[in-house]
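Structure first, commentary second.
The values are calculated or read from the model by the stated rules, or taken from the named source; none is laboratory data. Here the structure is a predicted model, which is why all the values come from computation and not from measurement. We place every Cβ from the backbone using ideal geometry, glycine too, and count neighbours over all the protein chains shown. With ligands, DNA and RNA removed, areas are computed over all heavy atoms of the protein, side chains included. Shrake-Rupley method; radii C 1.70, N 1.55, O 1.52, S 1.80 Å.
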Amino acid sequence: MAEHVTIIMIEDDAGHARLIEKNIRRAGVLNEIKPFTDGTSAIAYLFGPDGTGAVNAGKALLVLLDLNLPDTTGVNILKRIKENEHLKRSPVVVLTTTDDKVEIQRCYDLGANVYVTKPVNYENFSHAVRQLGLFFSVIQVPEAK
């Protein structure tokens, strides 16, 4: 992944957030990671003060999204990103504990690029995120319009 790509991590569990960042770094990904612990602050950052998303035009963003947030659903955030003219090309990786087939299909229907279920076991979770980091190191991310 090009160095100018910013990873937007939306994860309310502080332990998971630390583990995700640590294992992405272990995979050699040095990109900036902007962490958000709730949907409201992530939406404010992504869509800017005017709510249009134009604030991120020309930036390359990759969104790492948990579905279970305290103030809004990750599905709502995913839908808003993929419907927005400035953000719709930004890859969204859903990383969540939910493994319900209906929810997985819904996320893909809304435009999720990847859906990963967080393993419950610490070692398996670390390994899965490290693999995700390796994936991040080779993908191409387009700039927002």
Exercise for the section: Sum -39500 (n - 2.57) across every DSSP H segment of at least 4 residues in the chain, then divide by the residue count to get the 222 nm mean residue ellipticity, nearest 500. Expected result: -12500 deg cm²/dmol
Handout entry: the range 1-135 - charge dipole about Cα centre, Lys and Arg +1 at Cβ, Asp and Glu -1, debye rounded to 20
Key = 380 debye
Problem - Cβ-based charge dipole, the range 1-120, positive-most Cα from 72, 48, 60 - result: 60
Handout entry: Value of relative contact order over the range 1-134, rounded to a whole percent, pairs C-alpha under 8 Å and six or more apart
Key = 27 percent
Exercise for the section: Quick one: dipole size for the range 15-92, taken about the Cα centre, charges +1 on Lys/Arg Cβ and -1 on Asp/Glu Cβ, in debye to the nearest 20. Expected result: 340 debye
Problem - Antiparallel %, DSSP beta bridges [both residues in the chain], to 5 - result: 5 percent
Exercise for the section: Treat every Asp and Glu Cβ in the range 60-114 as -1 and every Lys and Arg Cβ as +1, leave all other atoms uncharged, and give the resulting dipole magnitude about the Cα centre to the nearest 20 debye. Expected result: 220 debye
Exercise for the section: Keeping all protein chains in place, calculate the accessible area per residue for the range 25-95 (probe 1.4 angstrom), answer in Å². Expected result: 42 Å²
Completion exercise
For the pair residue 44 and residue 121, the simple spin-label estimate (label points 7 Å beyond Cα toward Cβ) gives in nm 4.0 nm
